[in-house]
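One structure is given below, encoded as structure tokens.
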Amino acid sequence: MAEYAAVLVFLLVGIGMVLFTFFLARLVRPANPYKEKNQNYECAEKPVGDSWIQFNNRFYIFALVFVVFDVEIVFLFPWAVAFGQLGLFALVEMVIFICILLVGLAYAWKKGVLKWV
Amino acid sequence: MELAGIFKYFYELLVSTGLPQVWVDIIAMVAAAVIIFGFLAVCALFLVWWERKVSAHIQQRFGPMRTGWHGWRQTIADAIKLIQKEDITPMTADRAVFYWAPIMCFVAAFAVYVVMPFGDGLIVSDLNVGILYVVAITSFTIISLLMAGWGSNNKYALLGGMRSAAQVVSYEIPMVVTICSVVLFVGSLSMVDIVQSQAQIYQWYIFRLPFGPIAFIIYIITGTAETNRTPFDLPEAEQELVAGFNVEYSGMKFAMFFLAEFVNMFTVSAIGTTLFLGGWQGPFLPSWMWFLGKTLVLVFILMWFRWTYPRLRVDQLMEFSWKFLLPLSFANLILAGLMKYSGWFNW
């Protein structure tokens, strides 16, 4: 576990460094907020409504397809590492596994899910 | 002149002070983190300047010329300017999300350097999950872009954030599958093992025909898309989305996104060097120079892309990933498996 301590140290130092530069900037920068300045940018017009709205579900479908393949990749990594010892059996197994998922991709393709409108 | 010896000398100096081992390790790690932070900051300043010069030469103009020799002080001046800029948070923004997005963006780019093999023995911690850790940590960038887009409560920012999330997510799969095909040859996820398996130039994975060059090209394309650079820079398309997810940011918060962007570009090139170009391996020169040199060549190629190609359309971009790169990368993975199994080019 000791080697993973470096990851924690890097995360903390990274956050600390950024906060430190924010603090440094606070010392030298001006602060003069007023209502017009703090308005949301919308090409110099008054912003119309919130932008926290319902969103095109196209993004959601892509995210869903992504999750399917991402889970597959989680299985691919141990297979790739152990491939040298496993030989032909692992290769055939993985080809079958990939083909099953590619059938899924072909289905999504056929259904027009991958089309961005 | 190997740098590893110098760091080892300081480490032993630290040990000889008689502190408990835990404290020695913590101090050494913090020092390493601070050194790498400094290196990345300087590197980003250099890359910004270099990008402007490259773009200027490609497009037959001057670029920065006034401040110092060929404008080398320009980006330093820009950094000083940015630190003096007022920090504006829009009234309707989600303040906490808005505040933490740039921090997260930078930290995600920074934490990768735990496993970056800068040279022979120049690695902070050689985790046995090395490359998988890189893939995992870089994914956090997506969350930070979404946070920035959503937290700003700005329509352009939201569109930019969503687009960039969709894009990064789409290109991540071909990229990771390609990385997998290299891992398959190495038989280990550790970055040091990956580099050491390419000791001779003919062992570099880019030269392992036929899978190597295909994998390298897929990696470069997906790497360009992952860092949101032209021709895949739709998230920040200036003409339609002004600046995308970072439109509401100013001052140091904007600077953090900017810094993270260039750090990410360096990361993509450095990982590409490690995976395909033999990492720090090379004759005569010290290892870290080889690593930096190869990385900067890849960085230059990314810049070259940016100033040569026009931007893609959103639908072209998504279809290119899902309908071309994804099947190709899987086919390439199976090809790599066949090569490894049959002993073809198995040096």
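The values are calculated or read from the model by the stated rules, or taken from the named source; none is laboratory data. The structure displayed is predicted, hence computed values, not measured ones. Heads up, the Cβs are rebuilt from the backbone with ideal geometry, glycines too, and the neighbour counts pull from every protein chain shown.
Tabulated data
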| item | result |
| --- | --- |
| Enumeration of residues in the stretch A:51-99 that are acidic (D, E) and either under 30 Å from B:K155 (Cβ atoms) or facing chain B (nearest Cβ under 9 Å) (or both) | A:D70, A:E72 |
| 2 or more residues buried (at least 21 other Cβ atoms within 10 Å of the Cβ): qualifying helices (runs of 4 or more DSSP H) within the stretch B:141-255 | B:155-186, B:191-196, B:211-226 |
| Filter result (under 15 Å from A:I15 (Cβ atoms) and either facing chain A (nearest Cβ under 8 Å) or surrounded by 20 or more Cβ atoms within 10 Å (Cβ to Cβ) (or both)) within the stretch B:113-140 | B:Y113, B:V114, B:I137 |
| Given (1) within 25 Å of the chain's Cα centre (by Cα); (2) modelled with pLDDT of 85 or more; (3) away from every other protein chain (no Cβ under 11 Å), number of the condition B:Q60 does not satisfy | (1) |
| Any chance A:L11 is closer than 20 Å to B:A136 by Cβ, at pLDDT 85 or above and out of contact with any Asp or Glu (no Cβ under 8 Å at 6 or more places or on another chain) | yes |
| Subset of the stretch A:67-117 that is over 27 Å from B:S188 (Cβ atoms), part of a helix (DSSP H, G or I) and among the aromatic types (F, W, Y) - its residue that is farthest from the chain's Cα centre (by Cα) | A:Y107 |
| Neighbours by Cβ (under 6 Å, 6+ apart or cross-chain): first from the stretch A:66-84, surrounded by fewer than 19 Cβ atoms within 10 Å (Cβ to Cβ); second not in a helix (DSSP H, G or I) | A:G84/B:G187 |
| Residue within the stretch B:287-294 that is under 17 Å from the mean Cα position of the chain (by Cα), closer than 22 Å to B:M175 by Cβ and more than 14 Å from every other protein chain (Cβ to nearest Cβ) present | yes |
| Residues (free of Cβ contacts under 8 Å to residues at least 24 places away in the same chain and either part of a loop (DSSP other than H, G, I, E, B) or in contact with a Pro (Cβ under 8 Å, 6 or more places away or on another chain) (or both)) located in the stretch B:279-303 | B:G282, B:P283, B:F284, B:L285 |
| Top-ranked residue in the stretch A:1-33 [being over 29 Å from the mean Cα position of the chain (by Cα) and in a loop (DSSP other than H, G, I, E, B); ranked as surrounded by the most Cβ atoms within 10 Å (Cβ to Cβ)] | A:R29 |
| Which numbered condition B:I35 fails, given (1) within 14 Å of another protein chain (Cβ to nearest Cβ); (2) within 21 Å of B:F254 (Cβ to Cβ) | (2) |
| Hits in the stretch A:34-50 (condition: exposed (fewer than 13 other Cβ atoms within 10 Å of the Cβ) and either facing another protein chain (nearest Cβ under 7 Å) or touching a strand residue (DSSP E or B) at 6+ places or on another chain (Cβ under 7 Å) (or both)) | A:K37, A:D50 |
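Residue-by-condition table, conditions (1) within 14 Å of another protein chain (Cβ to nearest Cβ); (2) modelled with pLDDT under 85; (3) surrounded by fewer than 16 Cβ atoms within 10 Å (Cβ to Cβ); (4) within 28 Å of B:G251 (Cβ to Cβ):
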residue	(1), (2), (3), (4)
B:S16	no, no, yes, no
B:L47	no, no, no, yes
B:W50	no, no, no, yes
B:A79	yes, no, no, yes
